[in-house]
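Here's the structure we're looking at; comments come further down.
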Amino acid sequence: MSRLNIASQTKTEAVLDELYATVLRRMSAGTAVLCPVDMAAAFLRLCHAQSCGKCVPCRVGLGQLGSLLEDVLSGRATMETLELIEKTASAIYATADCAIGHGSAALVLRGLEGFREDYISHIQEGKCSVKCEQGVPCISKCPANVEIPGYVALVAEGRYADAVRLIRKDNPFPSACGYVCEQPCEAKCRRRIVDDAVNIRALKRFAVDNAGAVPPTEVKYPPTGKRIAVVGGGPAGLTAAYFLTIMGHSVEVFEKSNKLGGMLRYGIPRYRLPAEKLDDDINAILATGVKVHYNFEVGKDATLVELKEKFDAVFISIGAHTYKKLRIEGEEGEGVISAIQLLRDIEDGNVPDFSGKTVTVVGGGNVAMDAARSALRCGAKVNIVYRRRQQDMTALPEEIHGTIAEGCNLITLCAPVRIERDESGTVKALVIRPQISGKLDKSGRPTPVDAREPERRVETDIVIAAIGQAIDSNHFGQSSIPLDRDTIMADDASRIYENPGVYAGGDCVTGPATVIRAIAGGKVAAANIDVYLGYHHVISEDIDIPDKKVRNIAPCGRQNMVQRISDIRIRDFCDVELPLTEEEALLEATRCLRCDHYGYGPYWADRRHKW
Amino acid sequence: MVNITIDGRAVSVAEGTSILDAARSIGVDLPTLCYLKGYNDIGACRVCLVEVKGIERLVASCNTAVAEGMDILTNSPRVREARKVNVQLILSQHDSNCATCVRSGSCQLQSVANDLGIFSLDYEKNIPKNNWPMDYPFIRHESKCIKCMRCIQVCSNMQNVGIWDSNSSGSHTTIGVSRGRTIWNSDCTLCGQCITHCPVGALRERDDTDKVFDALADPERITVVQIAPAVRAAWGESLGLSREQATVNRLAAALRKMGFNYIYDTNFTADLTIMEEGREFLDRLQNRDKHNFPMFTSCCPGWIRYIKSHYPDMVDQLSTAKSPQQMFGAVAKDYLAEKLGVDPSRIFSISIMPCTAKKGEAALPTMQYHEDCPDVDVVLTTREVDRMIRAEHINAAALAEEEFDTPMGVGTGAAVIFGATGGVMEAALRSVYYLVEGKNPDADAFENVRGMDGWREAEYTVGGVRVRVAVANGLGNAHKLIEALRKGEVSYDFVEIMACPGGCAGGGGQPITPDTELAEERGKTLYGLDKSAATRFSHENPAVAAFYEYYKDEYHAKRLHKLLHTDHKAWDIPMSPYMKEE
């Protein structure tokens, strides 16, 4: 026997590793609308199997805890059982020798705190309090509940125009979302259990790119004579306007600038969303008969009170178009601008010339990446300063990768301290202080704290603040609309407390968020305004969705879109992303597991095709 | 057309046909449990599986459409074994004490298991406990539920009520009353369609046969039984009688053999209902400004519960006439008690109904003409009376037909068709015509209100006045009709609504033949009886005339309205939570 051997994996170990990976993927597709106590019991069983068996609390305690949870689930438990669960879990947490044990107990304790009412419901009423809805994962995760498997199936059959029409039933921005949606639908895609999520956005983009001109939706309902004012022509406002118009109401949009689109136009650079694609959506919305007042600022050209008097209902969707200041020394004066301002200037045709200059962007969100890449296209050398780690950035990973690939320098774990200016006031440098990753905050991201390192200087000509947007909601606050700091307080039906007939949605309610959430806000408001006005106009689309195809499911790679070569694409503002080829799109579309037909999908079918 | 091969046989079927329908079209019958055509194709039980050559896993035939070139094996060894495993898994959680189950003989799980030759289980039995209020008009056995979800779909999609919903997830998934309510606190209409569409014995009517056996054995009790129109078209089905054998007079003979003292016909009070409701309708027409239209029929208790819980603002539009069952009950304890010279409390009034909602109706506080003395003491469904006949070991087929007793055993053809959708409307129109025109119409003049469409309409001219009528059957269709009325898309003068598809013929208390809808066939039997009836007009019923004559004097005339009419607002039912939202 040798004194030492190189460890080699046995077949069992290899297969178990493979199973671990499978379970990880599977868990990533897990939904939250399941019985939480049952899930906690299942997690606990898994944790217990990971125990080495050395120590008492872990070896014995986790099993006993499991039996107690099983008692709760099968109606044998009393409130004393709940106390015993708590006592046992606390003891295991306090006494287990290693993380396998105390981590398991922490998981149970977190559940006891987080869904205690469900434990009590099981004990006292013998049933789960959660309305378990194993719907179609992608549809459930899409804030606007777009019928994704339906349009994916239509793409697979080459029926691109029908796919666009089906999307419009829930979302009048198929083109914009085909280019820039953050695709929350993919997060719980059941295909992850097999290999990887379906590339839903790429398929939507393929549909809109290939659909040709899709005739606008017909207004199916007779005119109601009701008038609705929409304040702000961004995605939320235009979505509400679109649906309310096809319901037969008369809608007027009051838009502060001279173009519609809101953040889709002024917040997203054209290299991500070409203007003509955005205009496709907006023209289709306007074709239904929506009236628009451009260069009209509510609060200046008319008051909210006046709108309330003139209209039967008002929808506020003013977005989040001002920016948050860095609040550091030297910020005031030339050479420091906001990301929002840069993007707006470029959209308005005032493209700055940054040739030979260095631009330093502060922030880690999508807007920061947009500002950085736009500055790059204006000729600058670009740094991005961010106080946390790259993985903590809120920007989409592909945006971060695109930004790095294009040549922007990422300076992470550094917080801006002050801006240095020379005697003439010209910006010379951004002084930054190195940070260290601290304790995790509630969102699971580490809080950055000052490191015991000296300050550093980043020489720069221009500083761009991209640490968040704010909402110009003063006028509304003064008009009896309740505000939480600067956000408008609306409930989950988009209503505003004590303001009957006034609704709000989009970034001005959620704070800066995604386009699809804004669209959902507009959709929800449209439905509830319709009911408020005394109607129940049903929105549906008469499209024959292809039946599921019987086929074998073999694991297969996900088809990803690729980007144009970086040193070429930075010379223009044209689309950076290359669409899927037809071959790729067809293959990708057939990867869809058609959860609308399998699993619990058919159970909801009748309840899905209209709203 | 799509060309496929099923068990080696080439077949060509229409595009979109399911594998199941394709197989059945050539006589290959696949077993199913959860599948319910038109309502449930969720593929949950995994029993109708087939093998498609080239496809690795088995395919549910109920919800998979055929595709060109499919080569299908419906009963390969692999299919058979998988099916047996799944049925055994279902059985491992099913209380299969078939000997004590009302559905023994009409249970789809029993027949599927028997057909597959499952005579032992490879799995440990793990049967969930029952938790149901046993005094409710119907009973749910958790221990028998196979979670096929048919009840949910039928209640939501056929009836638009939504009492049932699935609860929890994973291994704890089950069916319960939706929105966390208890059944007593729900707006259940008691229509019983979930019962007749349950593949097993998880849902059944509350069994009230013992109460009747006790009354029959009590010499102090005078048992008076009424037989509803639709019962005569169905009672023989589960006893193995042909439609020709299963006459109402043979049922009367069986009841007499059991010892019932007086055997009467609900047809008598169905005719009475027509007289009351017909006059009420004419009165409303003459005072149009005082009433909202249309007037709705009031004989279906499921419908009454539905309108009260969904459209309480329209309850005034219901006819105030009691249902034939309740008119009968009230009249039996007043008119008959006087005729027999007995105290009403000695009369034990039993009704045989195609309906589970009737159990709820008889228990209403408003249905007691004499204090503390329900007008109808016990309601038996057709299924329960069949069970009593079996319990008494009566060979019904061998009995000679016998007549009803008098005076409440006389009915007309107009009353018989109460049991079919459109029948009340047609019977009412026959008499309304007579009351206005002073002469009889042709008895079949209003036959275009007949049919099986969920929502039908017709227009007639009576006495120079245009009368627009509509008929809906199934509460889902009633919902559509009312929504259209409220939106002003349609307008009618008189509307008949029956909660069950096909009317009482398809009632929730009728015998169950799995996956077979018999309402239309039973309706035909009823229309046949009408056609051959001696008289086909309610106003020509001599017993009804005699009744009105008896109640003419001052003492009786005062009683008449309370005997025959009711206040639909004098009792409460919870609002539908789904209506509150809108």
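In table form, for the structure just shown:
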read-out	value
Rounded to the nearest 20 debye, dipole of region B:517-572 from Cβ charges on Lys, Arg, Asp, Glu	140 debye
Spatially proximal aspartates and glutamates relative to A:K308 (Cα-Cα < 17 Å; intrachain offsets below 8 disregarded)	A:E252, A:E255, A:E297, A:E498, A:D530
Per residue convex hull volume, Cα atoms of region B:242-288, in Å³	89 Å³
Tail fraction, Cα-Cα pairs, region B:363-484, threshold 24 Å, whole percent	55 percent
Sorted by Cβ density within 10 Å, fewest first, the residues A:S28, A:S479	A:S28, A:S479
Size-normalised alpha-carbon gyration radius of region A:482-611, reference 2.2 N^0.38 Å	1.52
Qualifying aspartates and glutamates (Cα of each under 18 Å from Cα of B:K257; at least 8 residues distant if same chain)	B:D210, B:D214, B:D218, B:D265, B:E384, B:D386, B:E392, B:E401, B:E402, B:E403, B:D405
Dipole axis of chain B (+1 Lys, Arg; -1 Asp, Glu on Cβ), positive-most option in B:I482, B:A570, B:H197	B:H197
When each of B:K339/B:K558; A:K141/A:K442; B:K339/B:K552; A:K325/A:K357; B:K308/B:K480 is checked by Cα-Cα distance, pairs over 24 Å	none
10 Å binning of all Cα-Cα separations within chain A, expressed as whole percents from 0 upward	3, 14, 21, 24, 21, 13, 4, 1, 0, 0
Region B:138-204 shape via C-alpha gyration tensor axes, a/c threshold 1.5	rounded
Value of [θ]222 nm, deg cm²/dmol, for the protein assembly as shown, DSSP H segments ≥ 4, -39500 (n - 2.57) each, nearest 500	-10500 deg cm²/dmol
Computed magnitude of the charge dipole of region B:101-160 (debye, nearest 20; Cβ of K, R +1, Cβ of D, E -1)	160 debye
Point-charge dipole on Cβ atoms (K/R +1, D/E -1) for region A:235-316, about Cα centre, debye to 20	280 debye
Which of A:L238, B:L485, A:L84 has the fewest Cβ neighbours within 10 Å, and the rest in rising order	A:L84, B:L485, A:L238
Nearest-ten-degree value, helix B:382-391 long axis tilted from longest Cα axis of chain B	80 degrees
Links that overshoot a 24 Å alpha carbon limit, given the list B:K37/B:K147; A:K127/B:K358; B:K322/B:K569	A:K127/B:K358
Selection from A:A320, A:Q64, A:L343, by position along the positive dipole direction of chain A (Cβ)	A:Q64
Contact order relative to length of chain A, as percent, for alpha carbon pairs under 8 angstrom and 6 or more apart	15 percent
Chain B: angle of helix B:519-531 to the longest principal axis, Cα-based, in degrees nearest 10	30 degrees
Rounded, prolate or oblate (a/c below 1.5 giving rounded, otherwise prolate when a/b exceeds b/c) for region A:323-469 by Cα gyration tensor	oblate
Principal axis box of region B:1-130, alpha-carbon based, largest edge first, Å	48, 28, 22
Cα pair distances of region B:480-582 binned at 5 Å [whole percent]	2, 8, 9, 11, 14, 17, 16, 13, 7, 3, 0
Debye intensity ratio in log₁₀ form over the Cα atoms of region B:408-538, taken at each q of 0.18, 0.22 Å⁻¹	-0.99, -1.29
Packing-based exposure ordering (other Cβ within 10 Å, fewest first) of A:C181, A:C52, B:C98	A:C52, B:C98, A:C181
Principal axes of the protein assembly as shown: Cα extent on each, largest first, Å	119, 89, 64
Three semi-axes of the equivalent ellipsoid, region A:34-125, Cα gyration tensor, whole Å, largest first	22, 12, 11
Interchain or long-range residues, amide H under 5 Å from B:D493's placed H	B:R468, B:V469
Efficiency of FRET from Cβ geometry, A:C556 and B:N3, R₀ 25 Å, rounded to 0.05	0.30
Shape category assigned to chain B from the gyration tensor of Cα positions, a/c cut at 1.5	prolate
Sparsely packed trypsin sites (Lys or Arg not before Pro) within region B:205-304, loop by DSSP, other Cβ within 10 Å at most 10	none
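Taken together, the values in this text are just the output of simple stated rules run on the coordinates, not laboratory data. As the structure is a prediction and not an experimental result, all values here were calculated from the model. Every residue, glycine among them, receives a Cβ derived from its backbone with ideal geometry; neighbour counts consider all protein chains shown.
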